[in-house]
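Notes follow the structure.
The values are calculated or read from the model by the stated rules, or taken from the named source; none is laboratory data. Values in this document were obtained by computation on a predicted structure and should not be read as measured data. Cβ sites come from the backbone with ideal geometry, for glycine too, and all protein chains shown count toward neighbours.
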Amino acid sequence: MEYISTRNSQKNFSFKDVFLKGLASDGGLFVPKKIPSYNYQELEKLKNLSYEELAVKIILKFCDDEFNEKEVKDLVKNSYKNFRVDDVVTIKKLGKVNILELFHGPTLAFKDIAMQVIGNMYEKILKKNNLQVNIVVATSGDTGAAAISAIRDRKNMKIFVLHPENKISEVQRKFMTTVNSSNVFNIALASNFDECQKFVKLMFADKNFSSSINMTGVNSINWSRIVVQIVYYFFSYFKIVTGNEKINYSVPTGNFGDIYAG
């Protein structure tokens, strides 16, 4: 799989480049050079797979230049072993509406589904390439908690989380600030989330600074989060339909990455 920046389609990047950089140096977002697709026969082979089996098949399409199938299988298995349901997500029916529950991870947020995989990917890639990174995150609550849960106590990486002081829920604050781990750093700003995000963007924009500390991010700018979230759209579709009919998704979230994955 080759990737390009949304601001430059002439230069190709590997999955490792995309994963570790988070944001392209020209300020663009990384996207696949060509979006993979499935024909009807291929979809038929996928529809009866478990969530973890399906995740392996889909994720591998986007990172086959960095991981083999066994490595992705191990990543997925380790990522979801602490979820409270066997299939990672559940579907409940309410009248004519099917509700996809994404809150069965360690911090009760849908972001756990991608973050747990990303944490294991970091560990694998950094060890393989003898690298260290500093992960910088801006959060209004859920992202920071999920990222800390995924990164805490891992070698070769530190995570710095910026959140607006007194403007997140008490549950979110405790998820972030009560973690006793030497590689986790919480920074409360006497401001709002937009200011937190602004500081992170300024750090990424300073190329000398960001490269000198091997800075990367796990907000929705990181394509790997999108990849992992694609899985539950496929999984829920297969669980709901009986043939190849079309369905509509309504996504109650302020996180565009979640919608974009669909």
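So here's what we get for this one:
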{"quantity": "Unique match (being of a type outside the set (S, T, N, Q), within 30 Å of residue 44 (Cα to Cα), touching an Asp or Glu at 6+ places or on another chain (Cβ under 9 Å) and free of Cβ contacts under 8 Å to residues at least 12 places away in the same chain) among 251, 241", "calculated": "251"}
{"quantity": "Yes/no for residue 162 being of a type outside the set (Phe, Trp, Tyr), closer than 23 Å to residue 59 by Cβ and either in contact with a helix residue (DSSP H, G or I) (Cβ under 7 Å, 6 or more places away or on another chain) or crowded, with 16+ Cβ neighbours inside 10 Å (or both)", "calculated": "no"}
{"quantity": "Residues that are closer than 18 Å to residue 131 by Cβ and crowded, with 24+ Cβ neighbours inside 10 Å, drawn from region 147-159", "calculated": "150, 151, 159"}
{"quantity": "Any hit, region 122-138, residues being of a type in the set (Gly, Ala, Ser), buried (at least 22 other Cβ atoms within 10 Å of the Cβ) and touching a strand residue (DSSP E or B) at 6+ places or on another chain (Cβ under 6 Å)", "calculated": "yes"}
{"quantity": "Any chance residue 92 is in a helix (DSSP H, G or I) and surrounded by fewer than 16 Cβ atoms within 10 Å (Cβ to Cβ)", "calculated": "no"}
{"quantity": "Residue in region 232-254 that is in a loop (DSSP other than H, G, I, E, B), at pLDDT below 95 and either at positive phi or surrounded by 20 or more Cβ atoms within 10 Å (Cβ to Cβ) (or both) present", "calculated": "no"}
{"quantity": "Any pair with Cβ under 7 angstrom, 6 or more apart, that starts in region 71-95 at a residue that is free of Cβ contacts under 8 Å to residues at least 40 places away in the same chain and ends at one that is of a type in the set (A, V, I, L, M) and assigned to a helix (DSSP H, G or I)", "calculated": "72/56; 72/59; 72/60; 73/56"}
{"quantity": "Per-region count, region 95-116, residues surrounded by fewer than 17 Cβ atoms within 10 Å (Cβ to Cβ) and small (Gly, Ala, Ser)", "calculated": "1"}
{"quantity": "Filter result (in contact with a Ser or Thr (Cβ under 7 Å, 6 or more places away or on another chain) and not in a helix (DSSP H, G or I)) within region 170-198", "calculated": "186"}
{"quantity": "Residue 144 being at negative phi, assigned to a helix (DSSP H, G or I) and buried (at least 21 other Cβ atoms within 10 Å of the Cβ)", "calculated": "yes"}
{"quantity": "Filtered residues of region 152-187 (kept if of a type in the set (Gly, Ala, Ser) and either over 30 Å from residue 125 (Cα atoms) or modelled with pLDDT under 90 (or both))", "calculated": "169"}
{"quantity": "Count - residues of region 5-18 that are polar (S, T, N, Q), within 17 Å of residue 220 (Cα to Cα) and surrounded by 13 or more Cβ atoms within 10 Å (Cβ to Cβ)", "calculated": "1"}
{"quantity": "Counted residues, region 199-231 - those being under 22 Å from the mean Cα position of the chain (by Cα), in contact (Cβ under 8 Å) with a residue 24 or more places away in the chain and in a helix (DSSP H, G or I)", "calculated": "14"}
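The rows are residues; the columns are (1) aliphatic (A, V, I, L, M); (2) surrounded by fewer than 17 Cβ atoms within 10 Å (Cβ to Cβ).
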site	(1), (2)
3	no, no
20	yes, no
25	no, yes
65	no, yes
75	yes, no
85	yes, yes
